[in-house]
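Encoded as C-alpha cells, the structure appears first; notes follow it.
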Amino acid sequence: MAGVITASESSWTARFTGLSPRQSGKLVTALRREGADAVRKGRPWSLPLEDRVLLVAAYWRTNLTLRQLAPLSGVSKSAADRIIDNLPPSLALQQRKRLRKDTVLIVDGTLDPTRDHQVAEQSKNYRYSTNHQVVIDTDTRLVVAVGRPLPGTATTARHGRTPAPRTPSARHLW
C-alpha cells in the first residue's frame with residue numbers, strides 16, 4: 001500500500017521512534033523473546049510486530065490522533081486502538097531488584113490538578129490537586145519508583161519525609 005509507514009524502511013523507524021535501526025531490531029528481538037508476538041486467541045494481528053512497535057512509538061512521540069495515525073499505518077482506527085492497548089505493557093522496562101551502592105537518585109515531585117475532590121486538596125486559589133513523587137536514577141535517567149498520588153498543594157510538597165496532612169490512611173513512598 002502506497003503512503004504507509006513501515007518498519008522495513010529504516011528512515012521511518014528512526015523518525016518515529018528515535019531509535020537507530022539496530023536499536024529497534026534489538027527491541028523487537030527482546031519483545032519476541034518475552035512473547036509479545038506469541039499466538040493469541042482471536043483474530044491475528046494485521047501488522048507484524050515491527051510495525052506495531054512503530055505504530056505505538058509514533059502514537060507516543062507525535063501529536064497524531066488514532067484517526068490520523070491508522071491510515072498512515074494501513075490499519076483501521078479500531079485495529080490501531082487495539083494495538084496501542086495491547087503492546088505498551090510489553091514495552092515497559094522491568095523493575096530493578098537492586099541498585100548499586102554508589103547510585104545517585106533524584107527525588108522530584110509534581111503537582112497535578114484534578115477534579116476528584118476525594119483524593120485532592122484545595123489550594124489558596126481554590127484548585128484541587130494531588131502531589132506525585134518520582135525517583136530517578138541519575139546515570140540512566142530512568143524512573144526507579146513512583147509514589148502514590150497524595151492530596152497536596154505546592155506548600156505541602158514534603159510527602160517523602162512526613163505523613164500527608166489530614167490523610168491518616170495515606171501510603172508513603174518510603
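The values are calculated or read from the model by the stated rules, or taken from the named source; none is laboratory data. Since the model is a prediction, treat every value here as computed from it, not as a measurement. Here the Cβ is made from the backbone with ideal geometry for all residues, glycine too, and neighbour counts use every protein chain on show.
Does Val39 qualify as being over 29 Å from Leu142 (Cα atoms) and surrounded by fewer than 18 Cβ atoms within 10 Å (Cβ to Cβ)? Break it down into steps so the answer makes sense when it comes.
Details: over 29 Å from Leu142 (Cα atoms): yes; surrounded by fewer than 18 Cβ atoms within 10 Å (Cβ to Cβ): yes.
In short, yes.
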Completion exercise
Here the qualifying pairs (Cβ atoms under 9 Å; residues six or more apart or on different chains; first in region 99-116 and surrounded by 10 or more Cβ atoms within 10 Å (Cβ to Cβ); second of a type in the set (Ser, Thr, Tyr) and in a loop (DSSP other than H, G, I, E, B)) come out as Thr103/Thr138; Val104/Thr138; Leu105/Thr138; Ile106/Thr138; Leu111/Ser123; Leu111/Thr153
Fill in the blank from the handout: Checked Arg32, Arg40 against criteria (assigned to a loop (DSSP other than H, G, I, E, B) and either under 13 Å from Leu87 (Cβ atoms) or of a type in the set (S, T, N, Q) (or both)); the one match is Arg40
Problem - Residue in region 5-34 that is farthest from Leu91 (Cα to Cα), counting only those that are touching a residue at least 40 places away in the same chain (Cβ under 8 Å) and exposed (fewer than 13 other Cβ atoms within 10 Å of the Cβ) - result: Ser8
Problem - Search result, residues across region 65-88 that are surrounded by 13 or more Cβ atoms within 10 Å (Cβ to Cβ) and either modelled with pLDDT under 90 or farther than 23 Å from Gly3 by Cα (or both) - result: Asn86, Leu87
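Could you say whether any residue in region 46-53 is in contact with a Pro (Cβ under 7 Å, 6 or more places away or on another chain), surrounded by 10 or more Cβ atoms within 10 Å (Cβ to Cβ), within 15 Å of Ile5 (Cβ to Cβ) and among the β-branched types (Val, Ile, Thr)?
Within region 46-53 (the criterion being in contact with a Pro (Cβ under 7 Å, 6 or more places away or on another chain), surrounded by 10 or more Cβ atoms within 10 Å (Cβ to Cβ), within 15 Å of Ile5 (Cβ to Cβ) and among the β-branched types (Val, Ile, Thr)), the answer is no, since none of the residues qualifies.
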Problem - Tabulated pairs, region 42-64, first under 19 Å from Ser78 (Cβ atoms), second buried (at least 18 other Cβ atoms within 10 Å of the Cβ) and among the basic types (Lys, Arg), C-beta under 9 angstrom, 6+ apart or interchain - result: Trp45/Arg52
